[in-house]
Amino acid sequence: MARPKDLDTLPDRLLAWYDRHARDLPWRVSPASRADGNRPDPYRIWLSEIILQQTTIPHGTPYFQAFTDRWPTVEALAQSRDEDVMTAWAGLGYYARARNLLKCARDVVALGAFPETEAELQKLPGIGPYTAGAIAAIAFGQRAAAVDGNVDRVFARLLALKGDWAAEKKVIAASVRALVPEERPGEFAEALMDLGATVCTPTRPNCPACPVADMCRARAEGVPERYPIKPAKGVARVRQGVVYVLVEGDEIMLVRRPDKGLLGGMLALPTTDWPKMGVPDAAPPASARWKTVGEVRHVFTHFTLTLTVQRGTLKGKRPDGLWTPIRDVEGLPTVFAKAFRLATSGA
DNA sequence: AAGTCGGGGCA
DNA sequence: TGCCCAGACTT
């Protein structure tokens with residue numbers, strides 16, 4: 001794959017910049033510490049990469065601390081109960097990550113250790129092209145590329161890529177792979193991501209602070225923030241449903257959602273479905289005197305959900321469910337936490 | 001190749 | 001409101 005000759009000095013210049021400007025992150029071994037012979041812990045690198053998939057560092061960091069405090073090793077995590085991991089993950093989103101996290105931990109324990117190559121890592125659940133490259137490079141010093149959203153943006157600008165975004169992303173991946181240095185491949189990956197996160201930012205890139213600004217075609221064109229050029233998204237979709245807060249005494253009825261699909265495997269309140277079109281069929285979990293207490297609105301990636309919150313006090317026989325003292329409720333995904341708060345606050 | 005899958009922060 | 005964030009998996 002051909003690449004502009006003028007990117008040849010990028011790795012050395014980027015690593016020199018990284019030596020002075022690396023972010024200090026809980027799972028990371030700094031350049032100075034690496035110089036002292038310290039190496040990243042593959043378990044912590046893997047865990048941080050899974051947590052940070054499509055997740056900001058401020059949001060993910062407290063979860064990383066909580067997970068490593070409670071499960072300091074992959075062996076400890078592999079032995080934990082599924083419900084405990086799902087509860088610890090509640091609020092982070094993309095819950096398939098939590099299910100795959102546990103599967104992966106158990107696979108790794110069965111293997112005896114984390115595999116060290118990109119290809120072997122990518123066979124594990126929850127580890128795709130980006131994460132495999134990141135772990136191989138950062139934890140095992142392999143010459144692998146880790147192309148995340150930051151790196152896509154940095155290279156879209158460096159090369160001023162104007163074509164179809166899906167096709168340009170392949171150009172970027174090939175360009176980055178060709179540039180990964182033999183020495184310090186992991187720090188090269190970290191440096192590219194730091195550059196994107198702190199200098200080559202989405203809306204207001206700080207080009208004067210960029211160590212490779214002179215190589216940047218978007219900078220030369222004068223409007224670097226115009227890149228990357230992505231296709232417009234479709235019209236926003238809206239759905240609606242009903243969520244039921246069924247109470248008896250000081251206990252509330254919860255349910256466990258099926259593993260597949262939206263909020264899979266998570267603790268939840270009973271609901272109707274929320275069809276793509278029209279209104280849902282009423283599906284209260286028991287016959288009771290239901291009163292509407294309000295609505296909650298929640299934005300998912302590809303639709304906005306409005307749930308009517310109905311509250312009922314049970315008089316007859318309890319339906320099957322996870323009846324839980326109201327004060328002990330934890331581990332609900334955010335949309336249900338909103339409904340729970342609405343129905344139990346001041347009422 | 002296109003859809004699905006969360007949640008929070010910010011312009 | 002729309003976009004972004006250390007993307008992966010399913011169809």
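Values quoted throughout were computed directly from the atomic coordinates according to the rules given, and no laboratory measurement underlies them. Note that this is a predicted model, so its numbers are computed, not measured. With ideal geometry, Cβ positions are generated from the backbone for all residues, glycine too; neighbour counts draw on all protein chains shown.
As a footprinting exposure proxy, order A:Ser287, A:Ser175 by other Cβ within 10 Å, with the fewest listed first.
Working: A:Ser287 11, A:Ser175 22.
With the fewest neighbours first, A:Ser287, A:Ser175 line up as A:Ser287, A:Ser175.
Count the net charge of all other residues whose Cβ sits under 11 Å from the Cβ of A:Ser287, scoring Lys and Arg as +1 and Asp and Glu as -1.
Details: positive: A:Arg289, A:Lys315, A:Lys317; negative: none.
With Lys, Arg at +1 and Asp, Glu at -1, the neighbours total +3.
Under a Cβ-Cβ cut-off of 11 Å, what is the net charge of the residues other than A:Lys162 that fall near it, where Lys and Arg count +1 and Asp and Glu count -1? Write out the running numbers ahead of the final one.
Details: positive: A:Arg217, A:Arg226; negative: A:Asp164, A:Glu168, A:Glu221.
Local charge sum for A:Lys162: -1.
Find, among the trypsin sites (Lys or Arg not before Pro) in region A:165-256, those assigned to loop by DSSP (not H, G, I, E, B) with at most 16 other beta-carbon atoms within 10 angstrom.
In loop regions of region A:165-256 (DSSP not H, G, I, E or B), the sparsely surrounded trypsin sites (Lys or Arg not before Pro) are A:Lys233, A:Arg237.
What is the spin-label model distance, in nm, from A:Ala32 to A:Asp250 if the labels are put 7 Å beyond Cα along the C-beta direction?
5.2
Return the loop-located trypsin sites (Lys or Arg not before Pro) in region A:270-347 (DSSP other than H, G, I, E, B) with at most 15 other Cβ atoms within 10 Å of their own Cβ; answer none if there are none.
Values: sites: A:Lys276, A:Arg289, A:Lys291, A:Arg297, A:Arg311, A:Lys315, A:Lys317, A:Arg327, A:Lys338, A:Arg341; in loops: A:Lys276, A:Arg289, A:Lys315, A:Lys317.
Of the trypsin sites (Lys or Arg not before Pro), the ones in loops of region A:270-347 whose Cβ has at most 15 other Cβ atoms within 10 Å are A:Lys276, A:Arg289, A:Lys315, A:Lys317.
What nm distance separates the two modelled labels at A:Asp164 and A:Leu262, each placed 7 Å from Cα along Cα→Cβ?
The modelled label-to-label distance comes out at 3.0 nm.
For A:Arg217 and A:Leu25, what is the calculated FRET efficiency with R₀ set at 35 Å and r taken between the beta-carbons, to the nearest 0.05?
Here the calculated transfer efficiency is 0.70.
Kindly provide the Kirkwood hydrodynamic radius of region A:149-226 in Å, to one decimal, from all pairs of distinct alpha carbon atoms.
12.7
What does the charge count around A:Tyr227 come to, taking other residues whose C-beta lies under 12 Å from its C-beta (Lys +1, Arg +1, Asp -1, Glu -1)?
Net local charge, A:Tyr227 excluded: +3.
Label-point separation (nm) for A:Ser80 and A:Tyr94, each offset 7 Å from Cα along Cα-to-Cβ?
In this crude label model, A:Ser80 to A:Tyr94 measures out at 1.8 nm.
For region A:321-344, list residues with backbone N below 11 Å from a point placed 7 Å from the Cα of A:His298 toward its Cβ?
Flagged as within label range: A:332-341.
Report the percentage of all Cα-Cα pairs in chain A whose separation exceeds 33 Å, rounded to a whole percent.
Details: 24972 of 60031 pairs.
Counting pairs separated by more than 33 Å, the tail of P(r) holds 42 percent.
Could you tell me which trypsin sites (Lys or Arg not before Pro) in region A:21-106 are loop residues by DSSP with no more than 15 other beta carbons within 10 angstrom of their beta carbon?
Values: sites: A:Arg23, A:Arg28, A:Arg34, A:Arg44, A:Arg70, A:Arg81, A:Arg97, A:Arg99, A:Lys103, A:Arg106; in loops: A:Arg23, A:Arg28, A:Arg81.
Qualifying residues, ordered by number: A:Arg23, A:Arg81.
Only Cα pairs within less than 10 Å get springs; with that Gaussian network setup on chain A, which residue of A:Ala167, A:Ala134, A:Ala76 has the largest fluctuation?
A:Ala167
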